[in-house]
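Only one structure is covered here, and it is reproduced in the block below.
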Amino acid sequence: MSNVTDEFYTAKELSPQETTLLKSQDSRLVSEYKANILEIQASKYWDQFYKRNETRFFRDRHWTTREFVELLSDNVENKALFEVGCGVGNFIFPLVEENLKLQIFACDLSPRAVGLVKSHPLYDPSRITVFPCDITSNEVFSHIQENSLDIVTLIFVLSAIHPEKYLQTLKSIHKLLKPGGLLLFRDYGLYDMAQIRFKAGSKISDNFYMRQDGTRSYFFSLEGVKDIFENAGFQIVFNSYINRRTVNKKENIDVPRIFVQVKAVK
């Protein structure tokens, strides 16, 4: 599996075929009743996801220290990092393998995912504190003190949350960070291949979709990210679309992907 990455600062131009596919999604939307069920039972759907897939679905994210070089800076030792939406540890355990001297906090909406993190051979409770938590609520403050974190990571997490809760989520993260603390963000970008491929009956609202397993996904524009982050009190130092191709020659796969990457400071 290989990747080529480019940064760009304007949204992708849609082909006529892609425009037609996106418009066809509006012919049948997710009902308001179903959308409410997806919100109320979000933890259940993610728990079911990890029951089916356990640790097999996501690859370990060895790319994060390449994309976020701040994690390798000389003064990162003994700093406190909080990964929001840790899943089964695909982000934190590669950091442990690189022997980065971080104090790691991590949470996930799914208690089952948290349990899988704790069962990992590299899990060390003296270095890693992991707990189930709905980051859109205030319960995180019973686990982590305000103004105590140096780095927070949001890697493919905010997109799974209802857009109406983005601002509150980011405000909570802002409170947890020390002044000068860093928020590292990557998520799905507007007009990513996955967005275009959704069929009628999957769309909840603008750029927000339901997957077949009941989990959800939002696709971010640079302008939308900028507004939310700045309204939450952050200063953005980097905000770009990331154009990536995932290539697997053995399976004859060459898939274009679009992500949004942000670095923001309190």
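The values are calculated or read from the model by the stated rules, or taken from the named source; none is laboratory data. This is a predicted model, so every value here is computed, not measured. Positions of Cβ are backbone-derived with ideal geometry, glycine not excepted, and every protein chain shown enters the neighbour counts. Please note that ligands, DNA and RNA were not included when accessible areas were found on the heavy atoms of the full protein model with its side chains. Shrake-Rupley method; radii C 1.70, N 1.55, O 1.52, S 1.80 Å.
Quick notes on this structure:
- Taking only protein heavy atoms and a 1.4 Å probe, the accessible area of the chain is 49% carbon and sulfur.
- Think of it this way: in the chain, Cys86 stand alone, with no other Cys Cβ under 4.7 Å.
- Ranked by solvent-accessible area (1.4 Å probe, protein heavy atoms only, all chains present), the residues Tyr241, Tyr33 order from largest to smallest as Tyr33, Tyr241.
- Our Cα-only numbers for the chain put the radius of gyration and Dmax at 18.2, 55 Å.
- Residues whose amide H lies under 5 Å from that of Phe82, counting only those 5 or more places away or on a different chain, are Phe105, Ile151, Val152, Thr153; hydrogens are built 1.01 Å from N in the peptide plane.
- Relative contact order (percent, whole number), the stretch 181-230, Cα cutoff 8 Å, 6+ residue spacing: 34
- In Å², nearest 10: area of Leu29 left accessible to a 1.4 Å probe: 90
- Solvent exposure of the chain amounts to 50 Å² per residue of accessible area, where only protein heavy atoms count and the probe is 1.4 Å.
- The relative contact order of the chain, computed from alpha carbon pairs under 8 Å that lie at least 6 residues apart in sequence, is 25 percent.
- Cβ-based net charge around Phe219, under 14 Å, with every Lys or Arg adding one and every Asp or Glu removing one: +2
- The Cβ shell under 14 Å around Thr20 holds other residues with a net charge of +1, Lys and Arg each +1, Asp and Glu each -1.
- Cα convex hull volume per residue for the stretch 86-153 (Å³): 89
- Net +/- balance of residues flanking Leu182 in space, Cβ distance below 12 Å, scoring K and R +1, D and E -1: +2
- For the stretch 134-180, the spread of Cα positions along each principal axis, largest first, Å: 26, 20, 15
- Stretch gain in nm, segment Thr215-Gln145, where the contour uses 0.36 nm per residue and the Cα spacing is subtracted: 22.2 nm
- Filter on Lys12/Lys44; Lys44/Lys266; Lys79/Lys171; Lys12/Lys226 - keep pairs with C-alpha separation over 26 Å: Lys12/Lys44; Lys44/Lys266
- In percent, rounded to a whole number, the relative contact order of the stretch 170-266 is 39, using alpha-carbon pairs under 8 Å and six or more apart.
- Compactness of the stretch 120-225 - radius of gyration and Dmax, Cα, Å: 15.9, 48
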